[in-house]
1. Consider only pairs whose beta carbons are under 7 Å apart and that are at least six residues apart or on different chains; among these, list those whose first residue lies in region 74-99 and is at positive phi and whose second residue is surrounded by 12 or more Cβ atoms within 10 Å (Cβ to Cβ).
2. Checking Gln338 against (1) assigned to a helix (DSSP H, G or I); (2) surrounded by 13 or more Cβ atoms within 10 Å (Cβ to Cβ): exactly one of these is not met. Which one?
3. For the subset of region 64-107 comprising residues that are of a type outside the set (Gly, Ala, Ser) and in contact with a Leu (Cβ under 7 Å, 6 or more places away or on another chain), which member is modelled with the highest pLDDT?
4. Could we say that Asp194 is within 54 Å of the chain's Cα centre (by Cα) and among the acidic types (Asp, Glu) here?
5. Checking the structure you have, find out if any residue of region 431-440 is of a type in the set (Val, Ile, Thr), in a loop (DSSP other than H, G, I, E, B) and either surrounded by 20 or more Cβ atoms within 10 Å (Cβ to Cβ) or under 27 Å from the mean Cα position of the chain (by Cα) (or both).
6. Looking only at region 297-325, which residues are assigned to a strand (DSSP E or B) and either at pLDDT 90 or above or loosely packed, with under 14 Cβ neighbours inside 10 Å (or both)?
7. Just checking, how many residues over region 59-83 are of a type in the set (D, E, K, R) and under 60 Å from the mean Cα position of the chain (by Cα)?
8. Can you tell me which residue within region 200-241, out of those that are surrounded by fewer than 17 Cβ atoms within 10 Å (Cβ to Cβ), outside any helix (DSSP H, G or I) and among the hydrophobic types (A, V, I, L, M, F, W, C), is modelled with the highest pLDDT?
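The values are calculated or read from the model by the stated rules, or taken from the named source; none is laboratory data. Given the structure is predicted, the values throughout are model-derived calculations rather than measurements. Virtual Cβ from ideal backbone geometry, glycine too; neighbours counted across all protein chains shown.
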Amino acid sequence: MRQILLSIIITASFSLYAQQDMTLQECIDYALVNNEQGKVTSLEKEIAAAEVRKTIGIGLPQVDVNTGLNYNFQPQQSLVDISNFSDAPPGTEEKISFAQDYDGNIALGIKQLIFDGSFFVGLQASRTYQQLSTKEHIKTEIDIMEAVSKAYYTVLINEERVELLQKNFDRLESLLDDTKAMNESGFAEKIDVDRIRVNFSNLKVEINKLDRFTDLSRKLLKFQMGMPLEEEMQLGEALNDLSPELVTMNSDFNYGDRIEFSQMMTTEDLAKLEMKNNRVQYLPKIYASLNYGYNTATSDIDLLLKSNRWLNFGTVGVSVSIPVFSGFIKSNTIQQNQIKLKQISARKEMLKKSIDLEIQQSSISLNSNVEGLQVQRQNMKLAEEIYDITQIKYTEGVGSNLEVMNADAALKEAQTNYYNALYEAVIARIELKKSLGTLNK
């Protein structure tokens, strides 16, 4: 119910802030409610909760009301030796029927579990399964956070690149106009104009291509969020807000922080409960029962309506079922459970090593990418300075057009390298946080 209310609130309020700039956290909040896979695992949680309630119901009184009315069109007969109570010769038999043409009954039956080891273990298992489904939902949420974060930063970086390319385009357009004017005045050759025009055309194509890719990446973000693709949205963060290097390495890392390891622990608990359930099969099962009702029989159907013909009956008792021998099925099943627990223990150790390696790889990757980002940031600033100086020299007539084109190409390459390094650093940051189990904290 809480999940449904949250979905209604976020969906209703989104129409208000969809036209505004959305932060990464707002996108994640929206995705946690509307992502389809998240909805599926949320329903799995509800199924597990219902399974717990169903198991509890087994231990509650089971009440049945049974009733019936029969017409004995061919009453069952018995052969009776009538010589015992008549003058007939010994061995004389007569067909006698003790059934009447009509009989009816109505009875209330109550059965109550007193002791059944499987019930109590099953109740524990259903609650543990509920924990497992909850953890599966958490894992899905973490995957959604990772996907939305990566998609969000992809859009953010692409939008920044488009903006920067547009500035390059405007600058190159201004240079092209200036060079045309210089050519008309005899201060520049036509080849200088053609050289700039080629770069100008190529840059225009590159901007159009990046525009389309940015639109596609924005649709991918909406898809990860569970938002209609035609819905309008804008991002509310800037690249200046990014600090890929700021990831806190938790010195007291606990494997339980990783949802995958927590799931493995719960799976181990379920395996232990399965073995416990097989062991309690050796214990007796005890049930109490109560039956009370009325029955009657008559050859005249009209007499069925008379209450004085309905005779009451009742029984109360306890039934005990004691297992004696099952052909070694239980013992062999328990041996299987023990082997399964050893397998899970081995998988836990493998998972620990895998987590350790993943953390080291993510940490090294982030450090390397941050170092590369710092270098590319410096290179881009140097390329900008070189281009500005080269352009000034060209406009003052002490530099060549070719130098300007080379500086422009170097600047665009430096910008591309910078944004690629920034993207890789951001992705490495997300993956390190996920490997440390802090992405959802």
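1. Here the result reads Gly91/Asp81; Gly91/Ser83, each pair linking region 74-99 to a residue that is surrounded by 12 or more Cβ atoms within 10 Å (Cβ to Cβ).
2. Result: Gln338 passes all but (2).
3. The first filter runs over region 64-107 and keeps only residues of a type outside the set (Gly, Ala, Ser), leaving 64-67, 69-77, 79-82, 84-85, 87, 89-90, 92-96, 98, 100-103, 105-106.
With the extra rule that they be in contact with a Leu (Cβ under 7 Å, 6 or more places away or on another chain), the set shrinks to 65, 93, 95, 102.
On the way: Val65: 96, Glu93: 81, Lys95: 82, Tyr102: 89.
Checked region 64-107; the qualifying residue modelled with the highest pLDDT is Val65.
4. Numbers: within 54 Å of the chain's Cα centre (by Cα): no; among the acidic types (Asp, Glu): yes.
No: the conditions fail for Asp194.
5. Here is the first cut: in region 431-440, the ones of a type in the set (Val, Ile, Thr) are 438.
Those still in the list that are in a loop (DSSP other than H, G, I, E, B) too: 438.
So of that shortlist, the ones also either surrounded by 20 or more Cβ atoms within 10 Å (Cβ to Cβ) or under 27 Å from the mean Cα position of the chain (by Cα) (or both) come out as 438.
Yes.
6. Restricting attention to region 297-325, the residues satisfying the condition of being assigned to a strand (DSSP E or B) are 297-298, 311-321.
Answer for region 297-325, where residues must be assigned to a strand (DSSP E or B) and either at pLDDT 90 or above or loosely packed, with under 14 Cβ neighbours inside 10 Å (or both): Leu311, Asn312, Phe313, Gly314, Thr315, Val316, Gly317, Val318, Ser319, Val320, Ser321.
7. As a first pass, look at region 59-83 and keep what is of a type in the set (D, E, K, R): 64, 81.
Of the ones still in play, those that are also under 60 Å from the mean Cα position of the chain (by Cα) are 64.
Adding up the residues that qualify gives 1.
8. Leu229
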